[in-house]
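The next block holds one structure in the form of structure tokens; read it before the comments.
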Amino acid sequence: MTLPTSTRSRIPPWGRMGLTIAVTFMAFVSVLPLEWVSITGAAGGVVKPFHVLGLLFIGLCLARWPASRFVSPVLRRYPGVYMAYFCFLVWVMAAGLSHSDPYMDGKDLVRAVLYVTTSLFVASFFLHVVGRRTQHLLAWVGVSTTVVLVAGLGLALAAQHVNPVSLFAEAIAQANPDLVAHRLFRAAFSGATESADASANLRHKVFSADLLALFLSLALMPVVRARKRLLVAVAATGGFGIVMLSLSRSLALCLVAVLGLAAVRAFVTKRARPRQANLMAAAAMVTVLMALSPVGALIAARFSETQSIQTRSTAATTGFVSEFQGAAIFGTQRASVAVSPHNVFLLSWLSGGAVGSVFVLAFLVSYIHVWCREARRYFTAAAGWVIPVGQQWVLGIGLLPLVRAVSAGDGLHMVEWTAVGAFLGLTYANRRAVLEGQSVESVISPAEKSLGSAVSGQWWAPTGPQHSSAAPAPRP
């Protein structure tokens with residue numbers, strides 16, 4: 001499509017470099033599920049494709065904008081999130097000097113710094129994305145990520161001579177989730193780690209990446225034309241089905257919670273649009289049918305298995321207190337930890353003792369405060385959401401790291417930190433538009449409006465009373 005002259009004249013503020021950055025970010029998110037793929041010969045095989053694309057994304061952002069100008073607004077807005085966690089990493093680096101084998105070793109620290117830095121740049125990036133034509137492109141990230149995931153799994157299983165269709169059919173017929181959680185994913189991820197159990201559990205990281213991409217697509221979808229919007233929604237539905245078939249309890253609960261946000265809002269506000277009511281009724285019907293089907297029996301069997309939950313609960317409660325009291329100052333050594341507590345706060349205690357856990361607690365409290373504030377705005381349909389982004393799915397993006405914070409065995413990884421950055425960036429973009437007294441129409445240039453009208457049917461127009469630019473801006 002040839003851009004009109006008025007639009008070409010608007011390219012410099014965002015620029016072709018901006019489009020390149022958006023494409024790089026889309027590629028970065030698309031390869032996030034490839035946790036089992038390593039770049040051979042690079043740093044002992046610990047470098048993943050998303051590490052490389054994450055560094056490229058940061059480098060392109062720095063080439064386009066000065067670092068102080070690009071990231072400082074986010075740092076000033078969320079010091080309790082980023083500065084607290086950076087302080088935690090500095091303390092862990094110092095505390096690790098007292099151990100020959102610290103719980104968070106040098107490679108883990110380097111990765112953690114990369115993850116948090118990438119999250120900071122993602123948050124800053126989304127301040128520049130909302131309302132621009134690149135939002136159209138990024139709305140397809142869920143489709144591209146699901147395609148990459150399915151293709152990657154297909155190739156990995158083909159290399160191991162495993163037929164996933166027959167294995168799933170056998171698991172459904174027997175209502176045996178171990179056939180999927182162990183035989184299938186152990187085979188697919190066998191090259192990622194020497195431990196068979198770790199290979200099977202890698203699915204949580206893999207499918208959380210796909211879930212993040214699907215939430216991002218649905219959040220950015222309001223700018224897409226109606227027919228294409230239907231394609232994104234259908235692809236997201238298929239992606240949600242794939243996530244459910246991963247038999248990850250934490251991801252299933254996160255997905256159900258996000259889908260239930262609309263029902264909670266309808267209950268609180270005592271109103272729902274006809275389309276929303278029809279969608280909720282259809283979702284309820286599909287849920288009932290699935291629960292009565294053999295697939296529902298398979299998922300129910302997975303949720304009824306409690307041995308692993310009891311083991312983790314013991315590791316996070318009585319076992320933790322009795323075993324790691326001595327880690328209160330400088331943390332402990334990796335060899336002394338038999339079972340992970342699967343809790344970010346307790347993992348920070350193992351890495352940096354009480355001081356380190358205080359920094360992580362500050363990070364969690366600050367982040368949860370932001371999420372609860374946005375959730376309250378959504379549930380009460382309060383004024384103040386003016387950007388063309390799906391509020392429900394933004395909350396889903398923000399909820400994913402919280403769910404993983406109490407279920408991940410080795411802390412937050414690139415997927416969760418990317419979700420943190422996307423959530424904070426989108427909410428801050430909306431907040432900045434509100435505080436500057438702008439409506440969505442004034443955020444977008446006239447040239448972009450005319451192009452959006454021709455392509456997408458005035459996608460920037462406010463819809464509903466919560467988008468009214470005449471509403472008073474809430475207090476900071």
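The values are calculated or read from the model by the stated rules, or taken from the named source; none is laboratory data. None of these values were measured; they are calculated from a predicted model. When we count neighbours, we look across all protein chains shown, and the Cβ atoms used for this are built from the backbone with ideal geometry, even at glycine.
Scanning the stretch 322-352 for residues that are modelled with pLDDT under 85 and of a type in the set (Val, Ile, Thr) gives Ile329, Thr332, Val337, Val339. Residues in the stretch 97-120 that are farther than 17 Å from Leu412 by Cα and assigned to a helix (DSSP H, G or I): Leu97, Ser98. Of all residue pairs spaced 6 or more apart or on separate chains, those with beta-carbon atoms under 8 Å, a first member in the stretch 337-365 that is over 18 Å from Leu402 (Cβ atoms) and a second member that is at pLDDT below 85 and among the polar types (S, T, N, Q) are Val339/Thr311; Val339/Thr314; Leu350/Thr332.
Table: residues versus (1) loosely packed, with under 14 Cβ neighbours inside 10 Å; (2) modelled with pLDDT of 90 or more; (3) not in a helix (DSSP H, G or I).
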{"site": "Leu3", "(1), (2), (3)": "yes, no, yes"}
{"site": "Ala27", "(1), (2), (3)": "no, yes, no"}
{"site": "Pro73", "(1), (2), (3)": "no, yes, no"}
{"site": "Ala95", "(1), (2), (3)": "no, no, no"}
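Of the residues making up the stretch 66-94, those that are in contact (Cβ under 8 Å) with a residue 40 or more places away in the chain and among the hydrophobic types (A, V, I, L, M, F, W, C) are Phe70, Val71, Val74, Leu75, Val81, Ala84, Cys87, Phe88, Trp91, Val92. For the stretch 133-147, indicate whether the set of residues that are over 30 Å from Ser293 (Cβ atoms) and aromatic (Phe, Trp, Tyr) is non-empty. Scanning the stretch 133-147 turns up at least one residue that is over 30 Å from Ser293 (Cβ atoms) and aromatic (Phe, Trp, Tyr).
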